[in-house]
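Q: Got a structure for you, written out below as structure tokens; questions coming shortly.
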Amino acid sequence: MRVIAGSASARLGGALADLIGSPPVRTEIRQFPDGEVYLRLDEAVAGEDVAVVQTTYPNDRLIELFLLQEAARAGGARSVVAVVPYFAYSRQDVAFRPGEVVSARAIAELVSLKADRVITVDPHKEHVLGFFRVPAAGVTAVPALAERLRVEGVDIVLAPDKGALDRARLAAKHLGVDHDYLEKTRVSGTEVRVAPKSLDVRGKRVAIVDDIISTGGTIATAAGELRAQGASRVVAACTHGLFLNEAAARLRKAGCDAVIASDTIEGLASVVSAASAVASALR
Ligand code: R5P
């Protein structure tokens with residue numbers, strides 16, 4: 001198997017190629033002055049099983065993924081697996097109002113056009129996998145995040161809401177610690193309290209595990225409250241760290257001692273790799 005890494009996933013693609021034991025396919029990827037993508041494979045892939053690795057954020061990376069898939073197909077690859085570490089648009093997975101686009105389905109269909117199989121990491125909702133027109137699997141970076149949380153020292157793992165409890169449970173199981181979810185209670189017309197459903201965080205080292213940190217608003221609110229309730233340490237962890245609008249600084253200001261993310265979106269907080277989870281699925 002050969003790995004073709006797009007420019008949004010060079011690090012993860014490289015780590016995956018190392019695990020597979022074959023260097024990434026050399027590529028030439030650049031932009032024309034008008035922003036269009038120029039792309040060329042610098043090696044033959046005829047007859048190979050190819051994994052094209054590319055996160056679809058920001059938007060132009062989606063075009064790059066599509067062209068990489070086309071390059072593998074046109075180059076005679078035996079099969080093409082689209083590895084989409086962070087599947088952008090996955091949060092628009094339902095039409096709430098008439099006329100609203102289910103963007104997750106539209107983008108999934110586009111990716112499916114030139115893939116035999118799709119692998120993504122910690123999809124926002126499992127049902128999104130059903131939008132692809134080819135077999136699609138979700139793998140999880142949570143065990144890898146949990147290993148890093150072990151280094152941080154954590155007594156309790158919290159989900160930011162009940163819907164995210166499975167992720168917290170999985171991380172807690174790896175660590176052998178308790179887990180819970182954060183519940184919002186309206187205290188007055190203007191005041192909302194956020195606290196663990198049943199656990200007491202006083203004097204405890206707490207991790208909040210979410211799939212995505214976008215603006216950081218969700219975890220910043222929780223971190224501030226947990227601090228006020230006596231948590232001795234708060235670590236924010238996510239698979240997909242978008243960290244928009246100075247989110248990392250916002251989280252620290254809110255009381256987070258550490259902010260960690262995986263490399264599905266490559267950035268300063270990407271201290272954990274999803275590569276081994278993806279490699280297992282590829283095998
Ligand atoms: C929501 O459904 C997601 O799981 C995350 O909780 C959300 O995307 C986080 O967004 P933000 O960092 O902007 O609060």
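What follows is calculated from the coordinates using simple rules that are stated; it is not laboratory data. The structure presented is a predicted model; accordingly, all values stated were derived computationally and were not measured. In this analysis, Cβ positions are derived from the backbone assuming ideal geometry, glycine residues included, and neighbour counts consider all displayed protein chains.
Q: Let's test the formula: R0 of 41 Å, r as the Cβ-Cβ distance of Lys173 and Glu43. What FRET efficiency results, to the nearest 0.05?
A: Working: r = 42 Å, r/R0 = 1.02.
Efficiency, rounded to the nearest 0.05: 0.45.
Q: Now, a different point. If you line up the long axis of helix 142-152 against the longest principal axis of the chain, both from Cα atoms, how many degrees apart are they, to the nearest 10?
A: 50 degrees
Q: Can you tally the net charge around Gln31? Count Lys and Arg as +1, Asp and Glu as -1, for every other residue whose Cβ sits under 15 Å from the Cβ of Gln31.
A: Numbers: positive: Arg30, Arg40, Arg61; negative: Glu28, Asp34, Glu36, Asp60, Glu64.
Value of the local net charge: -2.
Q: Per the Debye formula with a single identical scatterer at each Cα and no solvent contribution, what log10 I(q)/I(0) holds for segment 136-283 at q = 0.19, 0.20 Å⁻¹?
A: So the normalised log intensities work out to -1.10, -1.21.
Q: Here is a follow-up. Two-decimal Rg/Rh of the chain from alpha-carbon positions, Kirkwood Rh? Each step should come with its number before you reach the end.
A: Numbers: Rg = 19.9 Å, Rh = 19.7 Å.
Here Rg/Rh amounts to 1.01.
Q: To the nearest 20 debye, what charge dipole does the chain have about its Cα centre, counting +1 at the Cβ of each Lys and Arg and -1 at the Cβ of each Asp and Glu?
A: Details: 34 positive and 34 negative charges, 130 e Å.
Computed about the Cα centre, the dipole is about 620 debye.
Q: Can you list the residues, at least 5 places off or on another chain, whose amide H is less than 5 Å from the amide H of Val271, using H built in the peptide plane?
A: Those qualifying (amide H under 5 Å, at least 5 residues apart or on another chain) are Ala261.
Q: Same structure again: Relative contact order of segment 108-228, please, whole-number percent, based on alpha carbon pairs below 8 angstrom and at least 6 residues apart.
A: Here the relative contact order equals 21 percent.
Q: How high is the relative contact order of segment 41-92? Use alpha-carbon pairs under 8 Å, at least six apart in sequence, and give a whole percent. Show your work: numbers first, answer last.
A: Working: 75 pairs, mean separation 25.3, N = 52.
Contact order relative to length: 49 percent.
Q: Label Glu70 and Val134 with points 7 Å out from Cα along Cα→Cβ: what is the distance between them in nm?
A: Each label point is offset 7 Å from its Cα along the Cβ direction, giving 1.6 nm.
Q: I need the shape label for segment 73-175. Rule: rounded when a/c is under 1.5, else prolate if a/b > b/c, else oblate, with a, b, c from the alpha carbon gyration tensor. It would help to have the intermediate numbers written out before the result.
A: On the way: a/c = 3.51, a/b = 1.50, b/c = 2.35.
Judged from the Cα gyration tensor, segment 73-175 comes out oblate (a/c at least 1.5, b/c at or above a/b).
Q: Once you charge only the Cβ atoms, +1 for Lys and Arg and -1 for Asp and Glu, what is the size of the charge dipole of segment 193-281 about its Cα centre, to the nearest 20 debye? Mind showing how you got there, number by number?
A: On the way: 10 positive and 8 negative charges, 107 e Å.
So the dipole magnitude of segment 193-281 works out to roughly 520 debye.
Q: Going by a ≥ b ≥ c, the root eigenvalues of the Cα gyration tensor, does segment 1-155 fall in the rounded group (a/c under 1.5), the prolate group (a/b larger than b/c) or the oblate group?
A: In terms of gyration-tensor shape, oblate.
Q: Mind checking segment 185-283 for GluC sites (Glu not before Pro) that DSSP puts in a loop (not H, G, I, E or B) and that have at most 14 other Cβ atoms within 10 Å? Don't skip to the end; give the middle numbers.
A: Values: sites: Glu191, Glu225, Glu246, Glu266; in loops: Glu191, Glu246, Glu266.
Those satisfying the criteria are Glu191, Glu246.
Q: On to the next question. From the residues Val194, His179, Ile213, which one has its Cα farthest along the dipole of segment 134-257 in the positive direction, the dipole being from +1 and -1 charges on Cβ of Lys/Arg and Asp/Glu about the Cα centre?
A: The residue sitting most towards the positive pole is Val194.
Q: Ordered by packing density, taken as the mean number of other Cβ atoms within 10 Å over each peptide's residues, highest first, how do 93-104, 69-80 rank? List each step's numbers first, then the result.
A: Working: 93-104: 11.5, 69-80: 18.8.
So the peptides 93-104, 69-80, ranked by packing, come out 69-80, 93-104.
Q: FRET efficiency for Val151 and His127, Cβ-Cβ distance as r, R0 = 30 Å, nearest 0.05? Display every interim value, and only then the final one.
A: Values: r = 34 Å, r/R0 = 1.12.
Rounded to the nearest 0.05, the efficiency is 0.35.
Q: Now, a different point. Return one number: the angle in degrees, 0 to 90 and rounded to the nearest 10, between the long axis of the Cα atoms of helix 10-20 and the longest principal axis of the Cα atoms of the chain.
A: Value to nearest ten degrees: 70.
Q: Output the 0 to 90 degree angle, nearest 10, between the alpha-carbon long axis of helix 103-112 and the longest principal axis computed from the alpha carbons of the chain.
A: 30 degrees
Q: Still on this structure, please answer the following. Using 7 Å Cα-to-Cβ label points, what is the Arg91/Thr185 separation (nm, one decimal)?
A: Between Arg91 and Thr185, the label points sit 2.8 nm apart.
Q: Let me ask something else. If you add up the charges near Val206, with Lys and Arg at +1 and Asp and Glu at -1, over every other residue whose beta carbon is less than 9 angstrom from its beta carbon, what do you get?
A: Numbers: positive: Lys204, Arg205, Arg233; negative: Asp155.
Residues close to Val206 contribute a combined charge of +2.
Q: With an 8 Å Cα cut-off and a minimum separation of 6 or more residues, compute the relative contact order for the chain in percent. Can you show the working numbers first?
A: Details: 656 pairs, mean separation 41.6, N = 283.
15 percent.
Q: May I pose another question? Efficiency by 1/(1 + (r/R0)^6): what FRET value for Arg26 and Ser103, r their Cβ-Cβ distance, R0 = 30 Å, to the nearest 0.05? Don't jump to the answer; show the numbers that get you there.
A: Working: r = 33 Å, r/R0 = 1.10.
Efficiency, from the Cβ-Cβ distance: 0.35.
Q: Separation of segment 236-283 and segment 13-43 by C-alpha centroid, Å?
A: Taking the Cα centre of each part, segment 236-283 and segment 13-43 sit 23 Å apart.
Q: Hey, could you grab the Kirkwood Rh for segment 180-230? Inverse mean 1/r over distinct alpha carbon pairs, Å, one decimal. Write down the numbers at each step before the final one.
A: Working: mean 1/r = 0.0851 Å⁻¹.
Across segment 180-230, the inverse of the average 1/r is 11.7 Å.
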